[in-house]
Amino acid sequence: MENKPLISVIVPVYNVQKYVRKSVESILQQTYKNLEIILVDDGSTDESGKICDTLARSDNRVTVIHKKNGGLSDARNAGLDRATGELIGFVDSDDYIEKNMYEVLEERMRINEADISCCGRYVVQESDGTKMPYFILDREQILSPCQAIGKLLIWDGCDSAAWDKLYKVKLFKGRRYPFGVLHEDLNFTSKLFSESNKIVLTGMPLYNYLIRENSICNKPFTTQKFDIYEQAKLNCQFVRDTYKELEEKAKYFLFRCTCTLLQSASDAAQISEKDLKRVKELARTQLSTAILNRFVPLGERKYYFELLYKVCIKKK
């Protein structure tokens, strides 16, 4: 292994029998070989757990944890508790990665003496296989925590997703993902950035993020959808307390996440009166940001007012 550091790749698995084999095989085929791959079967009720066991028998780098269902954060945390690598990576079990992803991320981290290394991504539509690149950069960027969080807040070269990044394991000491919430990385990733000495953005699309109809983010509206607002609000407060100069960007971050909540409510065939009332209240809190914040593009400002009309006027 040429004394390369061990990378622990944590893969939460829940009812993804159609996708998990391709996902794990993309990790097994990495040009970077010094890996331990931790598959966390989070109480799957389909064949996912059996597929994980078969994959483990085919390669001794694969370990499987079978546990009671606790959600994505709990599965990631179970993987972190088992991990023995110097570096940590995450891959969602319906996604897949380019063959050189971890080689590139580890090399850029090592050369730049960074604690976090990030790449770009392709967003892949399952329906027709089209791939749209995101976070592509003309050149590599080496950033301080404040600079990196500033970019994360406005989706400039990176965002809060856990899975297109490589981390030094020390960042997770005494720190775990919040249990039982959706969109857990909206607040968590900023804290990891803040504890880093440097963050490197490679700007190469190496992670393939699959958009599918039955994914977590595309389920019908439930009360748990409010987690996107609550986690964004926590992140906004953290940024205000830690990096006062980023406050306006943090407000934009909360605005954009609120728009996602509004979109979900707008698309819902059914929504309870209580939930609709709360959505309307949260929507109105973003009015001043929509009008005054310089980071809100004109198109997003128009989109917000369209959603506001749909949810607050048309929705009964």
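The values are calculated or read from the model by the stated rules, or taken from the named source; none is laboratory data. Everything quoted here is computed from the prediction, not taken from an experiment. Counting neighbours? That spans all protein chains shown, and the Cβs are built from the backbone with ideal geometry, glycine included. Calculation scope for accessible area: heavy atoms of the full protein, side chains included, ligands and nucleic acids excluded. Shrake-Rupley method; radii C 1.70, N 1.55, O 1.52, S 1.80 Å.
Here is what passes the span test in the chain: the DSSP H helices with alpha carbon length of 20 Å or more along the helix axis and a Kyte-Doolittle mean of -1.0 or above are 227-242, 247-267.
Across the stretch 196-208, rounded Karplus estimates of 3J(HN,Hα) from the backbone phi angles (6.51 cos²θ - 1.76 cosθ + 1.60, θ = phi - 60°) give 8, 7, 8, 10, 10, 9, 7, x, 9, x, 10, 10, 10 Hz, Gly and Pro being marked x. With the cut-off at 1.5 for a/c, could you classify the stretch 1-45 from its C-alpha gyration tensor as rounded, prolate or oblate? Judged from the Cα gyration tensor, the stretch 1-45 comes out oblate (a/c at least 1.5, b/c at or above a/b). Karplus-based coupling profile of the stretch 286-291, in residue order and whole Hz: 9, 4, 5, 5, 4, 8, with θ = phi - 60° in 6.51 cos²θ - 1.76 cosθ + 1.60 and x standing for Gly or Pro. The residue among Asn208, Ala162, Leu261 whose Cα reaches farthest toward the positive pole of the charge dipole of the stretch 158-285, with charges on the beta-carbon of Lys, Arg, Asp and Glu, is Ala162.
Between Arg256, Arg121, Arg175, where does the largest GNM mean-square fluctuation fall for the chain, given springs only between Cα atoms within less than 10 Å? Ranking Arg256, Arg121, Arg175 by mean-square fluctuation puts Arg175 first.
Shown here are the Rg and Dmax of the Cα trace of the stretch 62-168, at 15.2, 44 Å. Extension gain, Arg284 to Ser58, is 75.9 nm, computed as 0.36 nm per intervening residue step minus the present C-alpha separation.
Summary value for the stretch 218-316: 31 percent relative contact order, contacts being C-alpha pairs under 8 angstrom separated by 6+ residues.
Once both labels are positioned 7 Å from their Cα atoms along Cα-to-Cβ, the gap between Glu306 and Leu171 label points is 3.5 nm. Which residue, Tyr96, Tyr303, Tyr134, tops the fluctuation ranking in a GNM of the chain built on C-alpha contacts under 10 Å? Result for the chain, Cα springs under 10 Å: Tyr303 fluctuates most.
For the stretch 123-230, the solvent-accessible area works out to 45 Å² per residue, with a probe of 1.4 Å and every protein chain left in place. Carbon-plus-sulfur accessible fraction, the chain (probe radius 1.4 Å, protein heavy atoms only): 50%.
Using the Cβ of Lys50 as centre and a radius below 12 Å, the other residues enclosed give a net charge of -2, where K and R count +1 and D and E count -1. Within the chain, antiparallel bridges make up roughly 35 percent of the DSSP beta bridges whose residues both belong there.
Helical content of the chain, expressed as a calculated mean residue ellipticity at 222 nm, amounts to -12500 deg cm²/dmol (DSSP H runs of 4 or more residues, -39,500 (n - 2.57) each, divided by residue number, nearest 500).
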